């Protein structure tokens, strides 16, 4: 089933051109409106409307200049450091089983490089080269610069791919939005992986640390709500870097091309939305009592542990070809057979025991719970403080409600629906026959 889902994901989405144009122009506008409300209106929707009505030059305030010297210096410094660390630092070589069932070996060292960048940032602040709050103060300018950079990258990749491709029938808007290159490489650098781990998920922890410094210097003491949220998000970022090789086995990361949706979403939208609780808490004193802060921190850490352990369980199971115990018992799994593009028959193992036997997507729920803890720590229930959690909830819900039966049957579902009034009965019968022919549901006995 998973292989069929990949094949479906690789098909060009037939989205209306008007919708894609609206997203290309409207998504950055709405995001910077959100940032303006959080930074200047205490995340209050009513105060935000009043500000829009009364303030002059509000457009410039919403869209700060991307040519801020601090933003350019920060981004250039981080990019150069990460390029050096990518080439110089020793790498760990990890073996993973990708979504096609093939074993791959990847060099990884983003965890070490991120730690070094953070330490250099703190060290430079301690020496007096800049204030540690510099990233927090210029955060919107940095995002404005990243917005421009992401557009330049998308255009560059599109032009480069079109120069290699003779197909003149492709839709320009669709290609710009969804991308044309699945694994863009610049010399030996994987661009998708670099902007995800080396840029976006390095700027994010720097912003968190800078926000803590700002809050402490402004109020004379650290907001314990902010500290709990900062620790929670830093642990989240740390575990993401530590298990960066998991990205190579994820469907989304492997099948999303490097277009506006991926690059802008990773460089601009992802850090801006996830850092909203940090931004809100950095501007105020503690609202929630210390016991609640500690409780939210513990719940978030436990949720992250479940997320990591479930992903690790699935990866180890595939590496062992199913020859392992899961929670001390023989595991249930599905051997999903599929045909590769070269005609070869291959199989993929889909685990149905352990965390994956409790629910279909344990990682989704724990991901949501972690961010819900960060949202709760804000102590305020305004629209803009809750918007990131609402967005994540809708995103995960739509993924969970995806029509998996239709994906499994593919064109045959459409055919059955067209020729039969009782398509559900025929589809159900075919699903049973199809599962017997293409899928083997087993309980593996370990030696």
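The values are calculated or read from the model by the stated rules, or taken from the named source; none is laboratory data. Because the structure is predicted, anything quoted here is derived from the model rather than measured. Note: ideal-geometry Cβ built from the backbone for every residue, glycine included; neighbour counts use all protein chains shown.
Structure summary
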| read-out | value |
| --- | --- |
| Close pairs (6 angstrom Cβ cut-off, 6 or more residues apart or separate chains): farther than 27 Å from residue 290 by Cβ in region 377-397, part of a helix (DSSP H, G or I) and at pLDDT below 90 anywhere | 383/45; 396/364 |
| Restricting region 293-327 to residues that are outside any helix (DSSP H, G or I) and touching a helix residue (DSSP H, G or I) at 6+ places or on another chain (Cβ under 7 Å), the residue that is modelled with the highest pLDDT | 326 |
| Residue in region 19-37 that is outside any loop (DSSP other than H, G, I, E, B), over 24 Å from the mean Cα position of the chain (by Cα) and within 19 Å of residue 138 (Cβ to Cβ) present | no |
| Test: residue in region 281-292 that is assigned to a helix (DSSP H, G or I), at pLDDT 90 or above, surrounded by 21 or more Cβ atoms within 10 Å (Cβ to Cβ) and out of contact with any strand residue (DSSP E or B) (no Cβ under 9 Å at 6 or more places or on another chain) | yes |
| Condition broken by residue 381, with the remaining ones in (1) surrounded by 12 or more Cβ atoms within 10 Å (Cβ to Cβ); (2) within 25 Å of residue 223 (Cα to Cα); (3) modelled with pLDDT under 80 satisfied | (1) |
| Enumeration of residues in region 68-86 that are exposed (fewer than 14 other Cβ atoms within 10 Å of the Cβ) and over 12 Å from residue 198 (Cβ atoms) | 69, 73, 76 |
| Residue within region 204-217 that is under 30 Å from residue 105 (Cβ atoms) and either buried (at least 19 other Cβ atoms within 10 Å of the Cβ) or touching a helix residue (DSSP H, G or I) at 6+ places or on another chain (Cβ under 6 Å) (or both) present | yes |
| Filtered residue count, region 119-138, keeping only those that are part of a helix (DSSP H, G or I) and touching a residue at least 40 places away in the same chain (Cβ under 8 Å) | 7 |
| Among the candidates 346, 372, 336, residue that is crowded, with 16+ Cβ neighbours inside 10 Å and modelled with pLDDT under 75 | 336 |
| Exclusive hit being closer than 20 Å to residue 288 by Cα and free of Cβ contacts under 8 Å to residues at least 60 places away in the same chain, set 222, 208, 231 | 222 |
| Among (1) in a helix (DSSP H, G or I); (2) touching a residue at least 24 places away in the same chain (Cβ under 8 Å); (3) under 30 Å from residue 368 (Cα atoms) - the single one residue 182 does not satisfy | (1) |
| Filter pass, residue 195 being touching a helix residue (DSSP H, G or I) at 6+ places or on another chain (Cβ under 7 Å) and under 30 Å from residue 126 (Cα atoms) | yes |
| Qualifying residue in region 139-158 (condition: part of a loop (DSSP other than H, G, I, E, B), surrounded by 13 or more Cβ atoms within 10 Å (Cβ to Cβ) and either in contact with a strand residue (DSSP E or B) (Cβ under 6 Å, 6 or more places away or on another chain) or modelled with pLDDT of 90 or more (or both)) | no |
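The rows are residues; the columns are (1) under 29 Å from residue 189 (Cβ atoms); (2) in contact (Cβ under 8 Å) with a residue 12 or more places away in the chain.
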site: 21; (1), (2): no, yes
site: 30; (1), (2): no, no
site: 77; (1), (2): yes, no
site: 83; (1), (2): yes, yes
